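Notes to accompany the following structure.
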Amino acid sequence: MNVTDPHTLTGAYAAHALDPDENAEFERHLAGCPSCAQEVAEFAATLAKLGTAQSEVPPQTLKANVMAALPTIRQEAPHTTPAPGQGPSRPGRRAPRWTKLALAACLALAASAGGIAVQQHHRADQARARAAALQVQQDRVTDLLTAPDARTTTGSTSGGAAGGVGTAVWSHSRGQAAFLASGLPAPAAGTTYQLWFNDSGTMRPAGLLPGGNGARLLSGPLDGAVGIGVTVEPAGGSPHPTSAPVLLLPFT
């Protein structure tokens, strides 16, 4: 510590990057230096924001640009007033190990790398969860198809949703029905496909089909339904249809 200007260690202290002896010496300096105390508080607040900020993928050139700039930027000496009876700082002191620019660069790189890692882990978890849910649905539909009395019917979409095909699978012995979609146009932003049991003209909610492809076991028992319908509804679904069906499939 006797060769390092303590005024250059505020960021390292806030980042807990000092060894125990340096930390203790700096804290003794901090007790009598209001300017360093303010810088430590500002660094701590910045670190807290970095820790809670939404992660974003940094530009690929960030690290290269920062590392290339470090050797070309001169560290400005701290502007301090010598204590009474003390002369100006003697020349020839060893350059501090932590410059504010280098510390800022390290913090930025660390925050970016940590954000990318967290984001990638979160996306991987989401992808695994979606894959597991899809597998469960496919297994249930496959099981329904093995029912001795399983029947199917297929139809094309209407109401402007050209090209989509839907297939209904149902079994009275299982009391279940499923829907398989292929080529339905992706619903507009803020909307979703919703499945319905057709109870002789009264539509009963039977689950959501967010995309235009895939298989889904309908929610709820078959009961006396005579078919199923598909409509486009606001995201999250509706208790009753708010648009004309794009597909109606009868249980015949």
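Computed from the coordinates by the stated procedures, all read-outs in this text should not be read as laboratory data. What you see is a predicted model, and the numbers here were worked out from it, not measured in a lab. Quick reminder, even Gly has a Cβ in these numbers, built from the backbone with ideal geometry, and neighbours come from all protein chains shown.
Here is how the numbers come out for the structure above:
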item	result
Isotropic mean projected area of the C-alpha convex hull, segment 138-197 (nm²)	4.8
Distance histogram in 5 Å bins (all Cα pairs of segment 151-250, percent per bin)	3, 15, 28, 28, 18, 7, 2, 0
Fully extended contour minus Cα-Cα distance, from Asn213 to Thr242, at 0.36 nm per residue	8.3 nm
Efficiency of FRET from Cβ geometry, Asn65 and Ser35, R₀ 41 Å, rounded to 0.05	0.85
Segment Arg128-Ser173, length gained on full extension (0.36 nm per residue, minus Cα span)	12.9 nm
Separation in nanometres of the label points that stand 7 Å from Cα toward Cβ, at Asp143 and Glu27	6.0
Charge context of Ser173, other residues only, Cβ under 12 angstrom, K/R +1, D/E -1	+1
Mean-position separation - Cα centroids, segment 135-197 and segment 199-239, in angstrom	9
Charge sum, other residues only, whose C-beta stays under 13 Å from Ala147's C-beta, Lys/Arg counted +1 and Asp/Glu -1	+1
